[in-house]
Amino acid sequence: MRQCLDNSLYTGDTEGSMSDMSSEELKAIKILSDQAIGAQSILYRTFQEKLNADKNKINKIELTYFSLSIIYLALLRYRCDLDKAKISSSVFLLVLEESIKLSRPPISIEDAWSVLIKRIKEYEVMMRDIGKSDENRPPGGIETTIMLHLFELSVRHLGTPPMLSIVGVSFLVEGILLDTIDLLNISL
């Protein structure tokens, strides 16, 4: 199912591609798009309120890439019955098209798509073991690494990142992933 990571899927035509989808696929796209946008909002507020990031220094598109990566990984791992390429591509385009309007510095949809593909590959490696029970794995270790990576990509921050605060909010990584999996299993 790696076809979702193929840059050639981008056509720029979300309307035409969605007109031939089933009602179940359209429902999945709506639910997953809303989930991605909700995750971005939670992360944005958390970065401001808990990590003291200046709202003018948060690169919101990085939060978009992260939330879409979670959507993709949850869809890839936990829903064998859906057309993952079609659904994820549609969700990506819908959310990216909205997010790039607010992106500073500006970015084209093609460039945003390319960066998203790169971020999905990065997060896929990091998230591989989330949710697995392993007594040798320190609690929150992977999640803290992912949150630190996301913070460094998202916040134009000078100096040392607020490590203790990052550890304190790292539970959001697994929480967003598990919420997305529940959403896939309950709502679709």
*Within the range 1-24, track down each residue that is at pLDDT 80 or above and either crowded, with 16+ Cβ neighbours inside 10 Å or assigned to a helix (DSSP H, G or I) (or both).*
Met21, Ser23, Glu24
_Count of residues meeting criterion [in a helix (DSSP H, G or I), over 22 Å from Asn185 (Cβ atoms) and of a type in the set (S, T, N, Q)] in the range 62-105_ = 2
_Cβ-Cβ under 9 Å, sequence separation 6+ or interchain: first residue in the range 87-106 and touching a residue at least 40 places away in the same chain (Cβ under 8 Å) and farther than 10 Å from Ile61 by Cβ, partner β-branched (Val, Ile, Thr) and buried (at least 24 other Cβ atoms within 10 Å of the Cβ). Which pairs?_
Ser88/Ile71; Val91/Ile71; Val95/Thr64; Val95/Ile71; Glu98/Thr64
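In contact with a Gly (Cβ under 9 Å, 6 or more places away or on another chain) and surrounded by fewer than 18 Cβ atoms within 10 Å (Cβ to Cβ): which single residue out of Lys27, Lys50, Lys57 fits that description?
Details: Lys27 fails: in contact with a Gly (Cβ under 9 Å, 6 or more places away or on another chain); Lys57 fails: in contact with a Gly (Cβ under 9 Å, 6 or more places away or on another chain).
Among Lys27, Lys50, Lys57, only Lys50 is in contact with a Gly (Cβ under 9 Å, 6 or more places away or on another chain) and surrounded by fewer than 18 Cβ atoms within 10 Å (Cβ to Cβ).
The values are calculated or read from the model by the stated rules, or taken from the named source; none is laboratory data. Everything numeric in this text was worked out from a predicted model, so none of it was measured. Cβ coordinates were reconstructed from backbone atoms using ideal geometry, including for glycine residues, and neighbour counts include every protein chain displayed.
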